Each structure stands twice: as C-alpha cells, then as structure tokens.
1. Do we find a residue being in contact (Cβ under 8 Å) with a residue 24 or more places away in the chain, under 30 Å from residue 227 (Cα atoms), touching a strand residue (DSSP E or B) at 6+ places or on another chain (Cβ under 7 Å) and not charged (D, E, K, R) anywhere in region 456-464?
2. For residue 159, all conditions in the list (1) among the polar types (S, T, N, Q); (2) open to solvent by less than 10 Å² (accessible area, probe 1.4 Å); (3) assigned to a helix (DSSP H, G or I) hold save one; what is the number of the exception?
3. State whether the residues of region 246-260 include one that is of a type in the set (A, V, I, L, M, F, W, C), closer than 30 Å to residue 438 by Cβ and buried (at least 18 other Cβ atoms within 10 Å of the Cβ).
4. Identify the single condition in (1) out of contact with any strand residue (DSSP E or B) (no Cβ under 7 Å at 6 or more places or on another chain); (2) at pLDDT 95 or above; (3) hydrophobic (A, V, I, L, M, F, W, C) that residue 302 does not satisfy, given that it satisfies every other one.
5. If you take the residues in region 76-122 that are among the basic types (Lys, Arg) and open to solvent by 50 Å² or more (accessible area, probe 1.4 Å), which one is modelled with the highest pLDDT?
6. Output the strands (runs of 3 or more DSSP E) that fall wholly within region 636-690 and possess 3 or more residues being out of contact with any Gly (no Cβ under 9 Å at 6 or more places or on another chain) and buried (at least 18 other Cβ atoms within 10 Å of the Cβ), or say none.
7. Out of (1) part of a strand (DSSP E or B); (2) touching a helix residue (DSSP H, G or I) at 6+ places or on another chain (Cβ under 9 Å); (3) open to solvent by 50 Å² or more (accessible area, probe 1.4 Å), the odd one out for residue 546 is which?
8. For residues that are within 14 Å of residue 470 (Cα to Cα) and in contact (Cβ under 8 Å) with a residue 24 or more places away in the chain, scanning just region 501-527, find the one that is farthest from the chain's Cα centre (by Cα).
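The values are calculated or read from the model by the stated rules, or taken from the named source; none is laboratory data. Keep in mind that what you see is a predicted model, and the values were worked out from it rather than measured. No Cβ is skipped: glycine too gets one built from the backbone with ideal geometry, and neighbour counts run over all protein chains shown. Heavy atoms of the whole protein, side chains included, go into the accessibility calculation; ligands, DNA and RNA do not. Shrake-Rupley method; radii C 1.70, N 1.55, O 1.52, S 1.80 Å.
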Amino acid sequence: MKKVNFILVLIIVFVAVAKAQNFQQTIRGKVIDKETHQPLPGASVILINSNPVIGIITDNEGEFEFKNVPIGRQGITVSFIGYNTTEMRNLLLQTGKETVVEVELSEKVENLNEVEVKANTQKDRALNEMALISSRSFTIEQTERFAGSVGDPARMVGNYAGVAMQSDSRNDIVIRGNSPMGLIWRLDDVEIPNPNHFGALGTTGGPVSMLNNNLLTNSDFYTGAFPAEFGNGISGAFDLHMRPGNNQKTEFTGQIGFNGFELGAEGPFSKKSKASYLISGRYSTMAVMHLMGFGTGTGSAIPYYQDLTFKVELPTKKLGKFSLIGLLGSSKIDLGADLKDSSNNAYNLHGQRTKFGTSQKVVGLSNLYFFNEKTRLKTIVSAQETKNNTLVDIYKKETDTICPFYRSAYTLQKYSFAMHLKSKLNNKNNIGIGYVVDFSAINLGDSLYMEDYRKFIIRQDVAGNYMVYRAYSQYQHKFSDNLTAYAGIDFLKTSLSNDYSIEPRAGMEWKFSPLQSFTLGYGKHSQIQPPMIYFLQYNDSVNNTYKLTNKNTGLTKADHIVLGYNYLLSANLRLKIETYYQNLYHIPVSPSFKEFSMLNAGDNFGLPMVDSLQNTGTGKNYGVELTLEKFLDHGYYFLFTSSVFDSKYKGYDNIMRNTAFNNNYVLNLLGGYEFKAGKKSLMTFDVKACYAGGKRYVPINLEASKAGYETEYDWQDSYRFKYDDYFRIDLRIGFKINGKKYSQEYAIDIQNITANKSTFMEAYDFNAKEIYSTYQQGFYPMFLYRVQF
C-alpha cells in the first residue's frame with residue numbers, strides 16, 4: 001500500500017507543477033494509394049475541429065506537415081479526387097514525440113460527379129486490401145490501453161471474438177478451438193518463429209513477448225479463411241508491422257514495466273537524406289519486482305530475459321527502398337532450485353527441478369521497388385536461429401537423493417528468400433503473386449537417465465536439413481463500391497515428406513446498404529508439422545537401432561467456411577456477427593497411442609514427442625461469434641465479444657473426443673475512459689472482465705502413478721472433463737504528463753483484481769503420493785513508467 005501511495009503522491013505533484021503555457025507538437029505524414037502504395041500528391045488534409053479551418057495540400061511525395069498543433073487528442077480528414085475520404089481521429093499528441101502517420105486511400109470504382117458520397121470508414125478494417133473476412137486491424141496503442149494486455153500484442157488480441165487464452169502464464173493464441181501451433185507469425189513480411197521469451201522450439205507462445213510495442217505500428221490479425229499470401233498455418237495469421245524511425249528528428253524513449261527496463265532511440269542518419277534508424281533494448285524487471293515483494297508469478301523462480309529490436313530504412317532514388325530489421329532475444333529460468341521444497345513453484349512439478357534457456361535471432365533485409373505507379377515488387381532475404389536447452393532433475397524423498405532425469409539441446413536455423421509482386425491493373429482489379437523458399441537445418445539431442453544402467457541413455461541425436469516451398473497468386477475485383485470479390489490459390493510443399501497441398505481461397509463482401517454488409521469466405525489451409533516431429537528417433541531396443549518413424553508424416557489440412565454480417569450502428573459503434581465451420585483432416589495420429597492427435601499439441605509448454613505417426617485423424621470446429629464495439633470517441637470506448645463454439649477430434653481409435661482447447665464459450669467486456677487532468681495531463685481508466693469455460697484436461701491415474709516416479713494419465717478419458725470456469729477482472733490506471741520538451745507516463749496494471757483462483761493444472765507428487773492442483777495467476781500489480789524526449 002505504501003508503494004501505491006507513493007505513486008499517487010508523485011502524480012499529484014506533477015499535476016501541481018504543470019505549467020500553464022500551451023504545449024504544441026507536430027503532426028506529419030504521407031498519403032498513399034492503398035493498393036499501389038504510391039504517394040498521392042495534391043491530396044487535401046484538414047485538421048479536424050480547427051477554427052478557423054486549417055488545411056494543407058500534400059507535396060510531390062504525398063507528404064504533409066502541421067506544426068504547432070495543441071497537444072491532446074487530434075484528428076485529420078484526408079480526401080483526394082476519385083478516392084474515398086478517410087478520417088484518422090483520436091491521434092494522441094504528446095510533447096516528447098512527433099506524431100507521424102501513413103494514410104491509405106482507396107480509389108472509388110464509381111465516380112459520381114454531381115452526387116456527394118460520404119463514406120462510413122470501417123475503423124477496424126484490415127490493412128491488407130485482399131482481406132474481406134475474419135480479419136481486423138488494430139492500433140499499437142490498444143496493446144497498452146486494453147487492461148491486462150501489458151503491452152503484448154498477443155494478449156491484446158485475446159479480447160477479440162473467436163480467440164481464447166489458455167493460461168495466464170503464457171500468451172498462446174487459441175483461435176476457434178484450434179491449437180495455437182496453427183498460427184502464422186509475420187513481421188514486416190518476414191515469417192518469424194515464436195516471438196516470445198521462454199518459448200519451446202516448435203511452439204507459438206510464451207510468458208513474455210519479445211515484440212516491443214513501442215516499435216510497432218498498425219497491424220492485421222486474421223482468424224480464418226485468410227488470403228493466399230499466408231501459408232503453412234491452419235488457424236490464423238498475425239501480420240505485424242514495424243514503424244520506421246523518425247527521419248527528421250532524433251528522439252529517445254526510456255521505460256520500466258512488465259516487459260523490462262527499456263531504452264530506445266530513433267532518428268535520421270543525416271539531414272540530407274530520409275534514411276532513418278529505430279532501435280530499442282530491454283532487460284528483465286522480474287528480479288526487481290521479486291525484491292519489492294510482488295513476486296513474479298512463478299513462485300520463487302526468477303525469470304531473466306533480454307531483447308534487442310531494430311529497423312533501418314534507406315530510401316534510394318533508383319533502387320527503391322531498403323529495410324533492415326532485427327529481433328534478438330534470450331531468456332533463462334530455474335524452476336525448483338530448492339528440490340527438497342519445490343511446492344511453491346507455480347509452474348513446475350513438485351520434487352522436480354527444471355532449468356530452461358532459450359535464444360532467438362531474426363534478421364531480415366528487404367527491398368521495395370516500384371516498376372511504375374501501379375506495380376511494386378518486394379524482395380526479402382532473412383536468416384534466423386532458435387535454441388533451447390533443458391535440464392530436469394528429480395528429488396526422491398525416501399532416499400533423500402537428487403537424481404538427474406533429462407537433458408536436451410535443440411537448435412533450428414532457417415534461411416529464406418521471398419518475392420511479392422503486387423499490381424493495381426485499374427480501379428477495379430488488383431493482383432498479387434509471390435513465392436517463398438526456406439532452407440532449414442536442425443540439430444536435436446536429448447537423453448534420459450536410466451536408474452538400472454546408472455547413466456544417460458541417448459533418446460535422440462540427429463541433425464538434418466530440409467526445404468519448404470511456397471507460391472501463391474491472388475486476385476481482387478471490385479464490381480462496384482458495394483460489391484468486392486477475391487480469389488486466390490496457395491501452393492505448399494516440403495522436402496521432409498514430399499507432401500504438397502494446392503489450396504484455393506475465395507471471399508466476397510456485399511454492402512447491401514450504406515451501413516450493412518454481408519461477407520462470405522472459403523479457404524483450404526495446410527501446415528507442416530514442427531520439424532522435431534519429423535526427426536524424432538524411435539529406439540528399437542531389440543535391434544539396438546534408431547529409426548525416423550515420422551519422416552513421411554504429411555501435412556495437416558483444413559477447410560474453412562465463414563459467413564459474416566456487419567452493421568455500423570453509428571459512426572463509432574459497430575456490430576459484427578460471424579459463424580464458421582472448419583473441417584480438419586489428414587491429422588497425424590499414432591497406432592501406439594490411440595487417443596493422441598496433433599490437434600491437441602500446444603496445450604502445454606512443450607511438444608508431445610510421439611512416434612509412428614499416420615495422417616488418418618480428423619477434427620471439426622464450428623461456432624458463432626458476436627462483437628459489439630464502441631470506438632474511442634469523446635473520451636471513452638467499450639468492446640464486448642462473445643464466442644460459443646465446439647471443437648472435436650478423432651484419434652487412431654476413431655472415437656470422437658473434445659480437443660484440449662474446447663472450453664465452449666468465452667465472453668470479454670472491456671471499457672475505458674480518459675479525461676484531461678489539468679491543461680497538460682491526461683488520466684486513463686480501463687477495465688476488462690473475462691468469463692470462459694474451464695480448461696480441458698486428462699485425468700491422472702493415481703494408482704498407476706504410485707508405482708513409479710512419473711505421472712500416469714487415464715488417456716481413455718482424454719479432455720472429457722473441464723476445470724471450473726475461468727473468471728478474471730483486470731484494471732489499468734494511467735497518467736500522462738506533458739513537459740515542454742518531454743512527456744511522461746505512469747501506469748498501474750492490476751491483474752486479477754478479485755484474486756479469483758482458476759485451476760491451471762493437476763499433477764502428481766511422487767514423494768507425497770498424492771494429486772495436487774496449481775492455479776492461475778492471482779492478484780498481481782504491474783507498474784509502468786515511460787519518458788519520451
């Protein structure tokens with residue numbers, strides 16, 4: 001309580017010393033064609049609510065600049081002959097940082113000379129012009145403003161319809177009952193591995209995001225039937241974009257929060273060019289929080305992590321624009337260091353010690369070249385490396401001994417080359433074609449300690465490489481301003497099993513009234529299995545040989561059908577309903593583990609390593625989603641989403657069961673309000689409530705577990721039962737202060753304010769010979785301080 005009071009006193013002091021002079025800032029940006037990305041010189045940009053009206057015309061580069069604009073929420077209206085007018089409202093101007101925006105305008109299909117058409121802007125519409133169904137854009141401000149998101153894009157999208165978060169300890173994205181492993185991650189068109197600290201190789205989530213929201217800009221999120229340019233995923237796609245650094249002014253950011261101690265810088269390389277850099281480094285704050293008595297959410301274990309993110313942008317006159325991005329990070333944690341009393345380690349088994357470390361490096365170089373005003377080509381080369389190291393020991397109480405149990409070291413390297421060509425044939429037709437070639441090298445080694453032999457027995461020791469090939473084409477036709485259709489096809493092939501997939505995609509949007517529209521989409525999608533699955537070595541103890549029994553495992557495949565309805569109830573209030581059906585087939589299952597299915601992989605921290613897989617399993621997901629959203633206006637917003645769904649699978653035994661992700665329903669309610677606290681300060685209050693069906697689980701076979709030192713499960717009842725329903729309320733209070741040349745922000749994000757204990761998992765304590773429960777995150781305050789100058 002003393003710490004909270006201290007922060008409140010600081011806020012009062014800053015309000016008291018705020019000067020009365022009118023602080024101002026600059027809004028500048030660029031207006032481009034949405035399809036071609038060519039600049040639009042001569043576009044009209046007007047500052048909303050200016051009196052007298054302040055307007056400007058874009059220059060030959062499509063750029064504009066408003067100087068000396070009062071700080072606070074501002075907006076602009078952008079119009080151009082033959083294009084739909086667009087508004088950007090609620091831009092937050094602060095003294096410590098210029099506001100730089102990129103405005104995309106869509107060309108009209110029907111140009112009416114004498115009739116004025118006022119377009120109703122769909123504020124959450126995906127940035128990708130080919131996306132018509134199950135997609136939306138989001139602002140990076142939302143990753144911070146939404147209570148409970150703690151600056152993490154993955155946790156933020158957990159508020160959207162069709163998305164569920166399996167665990168407070170991780171940010172896995174479960175879309176429409178699918179495994180989180182079905183998600184595609186892309187950063188500036190570079191397909192990236194799991195962008196999270198403490199993420200196991202082949203998974204897609206983790207406790208702390210490596211993605212720095214201070215460096216991101218507006219991005220897209222897809223929940224099904226996504227365009228053909230996205231391949232090798234069956235549930236959804238996360239298409240993230242990094243903003244360029246300020247190419248006119250050097251700026252700095254310092255921050256302390258959940259994601260680490262941070263220091264960032266951006267600016268131009270010189271005054272004579274438009275080249276810019278953007279860089280930020282972070283280091284774990286968890287140790288400090290532990291010393292302050294708040295805990296880390298992982299018992300007595302302290303997570304250590306650090307990351308570095310950067311972007312360099314170099315425009316040229318003849319060769320186009322070059323961009324270099326980098327995402328580097330490492331993390332480590334020691335769970336259960338005190339083996340004799342490990343009961344306070346929330347996410348580790350009693351009597352067990354787990355030391356886990358990860359590292360990741362991603363570097364991508366791209367070139368964007370314009371052949372003419374209608375056609376552009378983006379060429380990308382990238383390299384990435386992911387490493388995992390794991391050590392597990394166990395404590396045997398009856399003999400008071402610590403025994404080694406498991407060791408592993410995994411490394412995956414990938415080198416990619418991609419080309420994406422997009423062309424706007426005319427105001428009705430857009431096309432896109434592209435291909436991606438990946439070369440991957442993998443090195444896997446792990447071993448188990450065998451009591452009988454008193455030594456480690458190698459379970460896996462393999463190295464290899466493989467290729468993945470992707471190609472796509474897509475076409476969009478606008479019959480009119482009210483009717484748009486899309487068709488595409490994606491091709492995916494891997495050298496691992498020589499399996500391939502040809503995947504048609506299609507969608508349409510019909511605006512049957514100025515405020516209402518129907519959408520319909522279909523997509524065939526497929527995905528390669530995690531590489532460790534193909535290289536799993538089966539130990540044939542009879543012949544003392546190792547076999548790669550999964551090397552011919554084929555692709556997982558799915559058909560998506562989505563029907564949607566949108567109703568713009570007012571300029572800032574939207575209703576959206578979508579219903580969907582997914583038919584999943586060609587799913588890997590195993591005759592030696594008849595209840596198993598790869599559709600359930602990803603429900604825990606690591607991957608299930610099952611041998612002798614066959615592509616004979618099936619599954620299905622279907623449901624209905626509702627979204628009612630009030631966009632930020634007059635200082636407040638709210639978002640209500642609900643999802644009701646069913647998710648089933650069949651293993652090798654052909655019995656229909658619930659998937660691990662079938663919690664049947666999720667309801668989210670968010671809201672926030674902001675107001676001026678004095679002339680130069682802004683107070684924000686945001687709250688979120690989540691109610692969802694309990695997590696599915698496999699019951700523990702107590703009698704079988706008592707016979708050894710491992711937990712034994714009753715797989716016949718796999719995912720038949722659920723834990724109690726999940727409920728949680730998060731609260732965020734923020735305070736933004738503007739000085740003459742800098743701005744500051746203080747915030748407290750209180751997770752699970754009611755301290756409701758939802759069950760995380762059940763496990764077996766082989767020393768106590770009993771089953772015990774661990775719980776999701778309890779009451780947990782997180783603090784943030786940011787300064788920009």
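1. No: zero hits.
2. (3)
3. We begin by selecting, within region 246-260, every residue of a type in the set (A, V, I, L, M, F, W, C); these are 252, 256, 258.
Among the residues that remain, those that are also closer than 30 Å to residue 438 by Cβ are: none.
No, because not a single residue in region 246-260 is of a type in the set (A, V, I, L, M, F, W, C), closer than 30 Å to residue 438 by Cβ and buried (at least 18 other Cβ atoms within 10 Å of the Cβ).
4. Status for residue 302: all satisfied but (2).
5. Of all residues in region 76-122, those among the basic types (Lys, Arg) come to 89, 97, 108, 118.
In the following step, the residues that additionally are open to solvent by 50 Å² or more (accessible area, probe 1.4 Å) were identified as 89, 118.
Numbers: 89: 88, 118: 45.
Step by step, filter region 76-122, then rank; the result is 89.
6. On the way: elements: 636-650, 656-658, 665-676.
Ranges flagged: none.
7. Among (1) part of a strand (DSSP E or B); (2) touching a helix residue (DSSP H, G or I) at 6+ places or on another chain (Cβ under 9 Å); (3) open to solvent by 50 Å² or more (accessible area, probe 1.4 Å), the lone unmet condition for residue 546 is (2).
8. So the first thing to find is which residues in region 501-527 are within 14 Å of residue 470 (Cα to Cα), and the list is 501-504, 525-527.
Right, trim to in contact (Cβ under 8 Å) with a residue 24 or more places away in the chain and you get 501, 503, 525-527.
Numbers: 501: 26, 503: 24, 525: 19, 526: 20, 527: 18 Å.
Applying the filter and picking the extreme gives 501.
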